[in-house]
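The next block holds one structure in the form of structure tokens; read it before the comments.
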Amino acid sequence: EVGRLAEAFDRMLARLQEAFSSQRRFLSDASHELRTPLTVARGQLELLEEGLRGAEPLRSLALTMEELDRMRRIVDDLLLLARLDEGMPLRREPVEVELVLREALLRGMQLARMDANVEAEPGLFAVADPDRLLQVLTNLVTNAVRHAGPEATITLRSHRDGGRVVVDVADDGPGIAPEELAHVFDRMFRGSRARTDTAGGAGLGLAIAASLTEAMGGEISVASEPGQGATFSVRLPFASEETAELLTEPLSPR
């Protein structure tokens, strides 16, 4: 009886694994196939723009193109998540953290100008994929800009903690509700404040940040108290001189 139970349990796990794999393949294939028609549709709208006259038609066309661009970004994000789930390898090399922090701040501030500062330990290097680390930190800064409020201050910090580099993106905004804190990295999750913001994202930015951080061999976490802001922390391997010499193979997701 125990043997039959074990076999049934193994079959159930196999079916679950196949279901998860099928779901990932569908997400990847669907995202890939949607990119071409979106590109074609936008191209055709650009051609129509040349023949339009009048403020109202041009305004409607501009709104349509904005929505297409937003849909394209969502599709690209879904495709990236699917590829990470499939084990997409990332580069691993020493990355100077302060430079990435300052670039991420510049990119995130394109949404709105806010008080911000960088408190980075100079000469600190982490083992990471430079482009993907920039994407992670830009997503975190963008999230803070969207939800902390125009009067908030954003602070980017970095320091070494043993064999890890810790990067914090903090704000002194309204914080995150306790019931939402455990779900902020879930895919498609949008908190109560985000749901009332029509200009908000699709709930994928933090999920991508988490998946990319894990794929680089790191961890990501969040701490927040209502009314006291929120701090997102990324922990990555520290890049010593000895570590840099050993970085010869791509780092695959765990």
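The values are calculated or read from the model by the stated rules, or taken from the named source; none is laboratory data. None of the values given here were measured: they were computed from a predicted structure. Using ideal geometry, Cβ is built from the backbone for each residue, glycine included, and neighbour counts are taken over all protein chains shown. When the accessible area is computed, the model is the full protein with side chains, heavy atoms only, and any ligands, DNA or RNA have been set aside. Shrake-Rupley method; radii C 1.70, N 1.55, O 1.52, S 1.80 Å.
Using Stokes-Einstein with the Kirkwood hydrodynamic radius over Cα pairs, what translational diffusion coefficient do you get for region 61-179 at 4 °C and a viscosity of 1.567 mPa s, in µm²/s rounded to a whole number? Answer, rounded: 81 µm²/s.
Among the protein heavy atoms, those of H183 account for about 80 Å² of accessible surface (1.4 Å probe, every chain in place). Ligands, DNA and RNA are left out, and with a 1.4 angstrom probe the accessible area of region 49-155 is 54 Å² per residue. The listed peptides 132-144, 89-101, 66-78, 215-227, ordered by packing as a protection proxy, come out as 132-144, 89-101, 215-227, 66-78 (highest mean of other Cβ atoms within 10 Å first).
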